[in-house]
Amino acid sequence: KLIEHIRLKRENSANQKVVVFTVFTDTAKYLYGSLKGKGFDKIAYVSGSHSGTTYGYSGKKFEGILERFAPYTKLYKEKDWTYLYEENGIREPETFDEWKDVIKQHDPETWKKLNEPIDILIATDCLSEGQNLQDCDCVINYDIHWNPVRLIQRMGRIDRLGSPNPAVRGINFWPGTDYEDYLRLKARVEYRMAAMSLVGTEIDEQMTPEIERMVKDNPLATRQTEKMLKQMQFTWEDIETSDESLGMDNLSLEQFRQELFDIFQKNKEMFERMPNGIFTGFKAEPDKHFTELPEGVIALLGKRNPPWKEGLKINSDLRILIL
């Protein structure tokens, strides 16, 4: 199916570049070898531990691979060529094509990179953050990470400001039915992405019909629910390995503790005026007014000014009952 998607894209699009994401290094190597075996060229794979290309490179570094895959972004846009222009008395090129002409004449090493492009980049999530790959217009998620943030980050490699492409596309491979019954991966990701949408996180709400339905059925979130969902952005690693679908009980009560603290701070004087023991269990001690106390419970029943309040060392507008 992956080969089918790549071939269809190449037949129907002038842009030949595709980035294929997978969670696992072994899967990246497997896909690299399989595509080579099917006759594809201009391929590279990148993982956190090793990278390789059909041009013969093998090693840990991958910056040269990204420059071959996204020369417009990585070389023309991001790299500073001022020194080259000044050394050769050249005005700064105004277009990518003009820049390539300058490189052809004055930088053989970079020109070689432009003539040995990478069109199919297979990568683990080591490339899902901090890389601009907008020369490419198609992301294929060969497998789905159960953290939706990773999926958003993957798509963000090509869905960026300054992209030369009029549109970008994402293709997601989901587990087969039998595996989904076991993993419940699709359901978990969909629940989490729908929850993220409620707090304004930019996701594709039409990624699946189920996500679209869940977002539509929950157009509003209560104040507390919204706060809990927002917290999700900061505590995702704590819940991503949960066996259950994301629910409100997956998150901590820290925001409620903070809200209670804020109430205490705003009403500090009122609380300080309250006598000790209000809303708590407490033990009474004899004093000069009551040298002996009967055994029993003091219950606060309401606000009133009873005639028998004199001598009691509590707030005068509270009624008490001794049992």
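Before moving on, here are some points about what is shown:
- Within region 36-56, the residues that satisfy the criterion of being closer than 15 Å to V19 by Cα and open to solvent by 60 Å² or more (accessible area, probe 1.4 Å) are D41, K42.
- Residue in region 88-103 that is touching a strand residue (DSSP E or B) at 6+ places or on another chain (Cβ under 7 Å) and touching a residue at least 24 places away in the same chain (Cβ under 8 Å) present: no
Yes/no per residue for (1) closer than 19 Å to R157 by Cα; (2) in contact with a Gly (Cβ under 7 Å, 6 or more places away or on another chain); (3) surrounded by 16 or more Cβ atoms within 10 Å (Cβ to Cβ):
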position	(1), (2), (3)
F21	yes, no, yes
F24	yes, no, no
K29	no, no, yes
S34	no, no, no
G59	no, no, no
G89	no, no, no
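- Residues in region 7-44 that are in contact with a helix residue (DSSP H, G or I) (Cβ under 8 Å, 6 or more places away or on another chain), under 29 Å from N147 (Cα atoms) and outside any strand (DSSP E or B): Q16, K17, T22, V23, L31, L35.
- Any chance V23 is touching a Cys at 6+ places or on another chain (Cβ under 7 Å), within 21 Å of T124 (Cβ to Cβ) and of a type outside the set (G, A, S): no
- In region 14-45, the residues that are over 19 Å from F173 (Cβ atoms) and in contact with a strand residue (DSSP E or B) (Cβ under 8 Å, 6 or more places away or on another chain): N15, K36, K42, A44
The values are calculated or read from the model by the stated rules, or taken from the named source; none is laboratory data. Note that this is a predicted model, so its numbers are computed, not measured. Cβ sites come from the backbone with ideal geometry, for glycine too, and all protein chains shown count toward neighbours. These accessible areas exclude ligands, DNA and RNA; they are computed on the full protein's heavy atoms, side chains included. Shrake-Rupley method; radii C 1.70, N 1.55, O 1.52, S 1.80 Å.
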